[in-house]
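Asker: Below is a structure I'd like to ask you about.
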Amino acid sequence: MARERKPGIKAPPASPAKIEVVPAILAYSPDEMRARIASVPDCPILQIDLMDGKFVNNKTVGLDELADFSFPPGKLIEYHLMVADPLEWIGRLPAENETIFQVHIESVEPAGIPRVREAVRARGLHCSLAWALNPPTPLPAIEPHLGGISEVLVMTVNPGFSGQKYLPEMEEKMRALRAAHPALTIEIDGGVDKSNAERAVNAGANRLAAASALFKQKNPQAACQELKRLANHI
Ligand code: DX5
């Protein structure tokens with residue numbers, strides 16, 4: 001039964017940490033990945049960028065090199081799979097931590113979607129699936145496949161490289177997604193920095209992945225906190 005609120009008693013303020021900033025870790029070797037992770041020790045979520053040189057024109061650290069990789073306990077790991085064969089990566093990536101597999105809808109044939117869901121399910125209850133979509137991909141590409149999905153990754157650059165410019169026209173997508181799915185986690189990725197974080201949040205984003213804005217600074221952890229404060233208006 002819903003609790004009655006006494007007149008004059010205000011609802012609690014929204015959590016100041018409702019917007020999360022997620023370091024996007026794009027690394028070419030396990031050592032580089034470890035170093036990047038170590039530079040943002042207080043960030044609860046890490047996005048691991050994985051590229052196979054096929055889905056995008058860049059190649060990061062690969063499956064074999066990551067086979068024994070362990071992430072700091074307690075972190076939520078998001079694998080951003082910019083790969084042509086997401087099934088293989090979902091099956092073989094380490095998944096000791098709570099894990100989200102961010103799969104590009106462009107990399108899966110509609111008939112293959114149940115197999116992707118099954119592959120994630122097979123990794124355990126602590127693993128979940130998120131759909132990612134490239135800038136040219138419209139929302140109807142994912143809308144029929146959102147059942148049981150709690151996160152969508154809206155790319156705000158064409159994937160492949162760090163250091164590109166944020167595409168403000170993607171805010172239309174964020175707004176439409178937020179209007180239709182108030183409880184969805186909407187993560188954005190690409191060119192996010194202090195100049196655009198607030199407008200992205202106003203458009204509906206509640207998780208901001210960022211690489212350059214953090215790792216090009218002397219102190220990535222401090223840069224992360226600052227961006228988070230700004231995004232949360234505190
Ligand atoms: C883009 C990657 C992003 C990228 C973000 O291909 O998916 O995660 O590393 O880098 P910045 O924040 O520099 O755009």
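Asker: Between a first residue in region 17-35 that is open to solvent by 50 Å² or more (accessible area, probe 1.4 Å) and a second residue that is β-branched (Val, Ile, Thr), which pairs have beta carbons less than 7 Å apart while being 6 or more apart in sequence or on different chains?
Answerer: Qualifying pairs under 7 Å: Tyr28/Thr60; Tyr28/Val61.
Asker: Lys194: open to solvent by 60 Å² or more (accessible area, probe 1.4 Å), within 15 Å of the ligand (Cβ to nearest atom) and among the basic types (Lys, Arg), yes or no?
Answerer: Yes: the conditions hold for Lys194.
Asker: So how many residues does region 148-170 have that are of a type outside the set (S, T, N, Q) and either in a helix (DSSP H, G or I) or open to solvent by 50 Å² or more (accessible area, probe 1.4 Å) (or both)?
Answerer: Number of matching residues: 7.
Asker: Sticking with this structure for a sec: Quickly run through region 143-170 and pick out the residues that are near the ligand (Cβ under 8 Å from one of its atoms) and among the hydrophobic types (A, V, I, L, M, F, W, C).
Answerer: Passing the criteria: Met155, Val157, Phe161.
Asker: In contact with an Asp or Glu (Cβ under 8 Å, 6 or more places away or on another chain), free of Cβ contacts under 8 Å to residues at least 60 places away in the same chain and more than 29 Å from Lys54 (Cα to Cα): does that describe Ala203?
Answerer: Taking the combined requirement at face value, the residue satisfies it.
Asker: Let me ask something else about it. For residues that are part of a helix (DSSP H, G or I) and surrounded by 18 or more Cβ atoms within 10 Å (Cβ to Cβ), scanning just region 118-132, find the one that is nearest to the chain's Cα centre (by Cα). Break it down stepwise before answering.
Answerer: If we filter region 118-132 for residues that are part of a helix (DSSP H, G or I), which is where we start, we get 118-121.
Adding the requirement that they be surrounded by 18 or more Cβ atoms within 10 Å (Cβ to Cβ) leaves 119-120.
Working: Ala119: 19, Val120: 16 Å.
Step by step, filter region 118-132, then rank; the result is Val120.
Asker: Let me ask something else about it. Exactly one condition in (1) buried (at least 21 other Cβ atoms within 10 Å of the Cβ); (2) near the ligand (Cβ under 8 Å from one of its atoms); (3) under 17 Å from Met82 (Cβ atoms) is not met by Glu187; state its number.
Answerer: (2)
Asker: Follow-up. Filter region 77-111 down to the residues that are touching a Pro at 6+ places or on another chain (Cβ under 6 Å) and part of a strand (DSSP E or B), then identify the one that is nearest to the ligand (Cβ to nearest atom).
Answerer: Per the stated criteria, the residue is Met82.
Asker: I need every pair where a residue in region 217-234 that is in contact (Cβ under 8 Å) with a residue 40 or more places away in the chain has its Cβ under 7 Å from the Cβ of a residue that is open to solvent by less than 20 Å² (accessible area, probe 1.4 Å) and part of a helix (DSSP H, G or I), sequence separation at least 6 or different chains.
Answerer: Listed pairs, sorted by first residue: Pro220/Leu214; Cys224/Leu214; Leu227/Ala197; Ala231/Ala197.
Asker: While we're looking at this one, here's another question. State all residues of region 51-67 that are among the hydrophobic types (A, V, I, L, M, F, W, C) and within 16 Å of the ligand (Cβ to nearest atom); if no residue qualifies, say none.
Answerer: Met51, Phe55, Val56, Val61
Asker: Within region 133-142, track down each residue that is away from the ligand (no atom under 13 Å from the Cβ) and either under 23 Å from Ala27 (Cβ atoms) or outside any loop (DSSP other than H, G, I, E, B) (or both). Quick ask: steps written out before the conclusion?
Answerer: Within region 133-142, the first condition is being away from the ligand (no atom under 13 Å from the Cβ), and the residues that meet it are 136-142.
Listed by number, the residues that qualify are Leu139, Pro140, Ala141.
The values are calculated or read from the model by the stated rules, or taken from the named source; none is laboratory data. Note that this is a predicted model, so its numbers are computed, not measured. Every residue, glycine among them, receives a Cβ derived from its backbone with ideal geometry; neighbour counts consider all protein chains shown. Quick note on the areas: whole protein, heavy atoms, side chains included, nothing else; ligands and nucleic acids left out. Shrake-Rupley method; radii C 1.70, N 1.55, O 1.52, S 1.80 Å.
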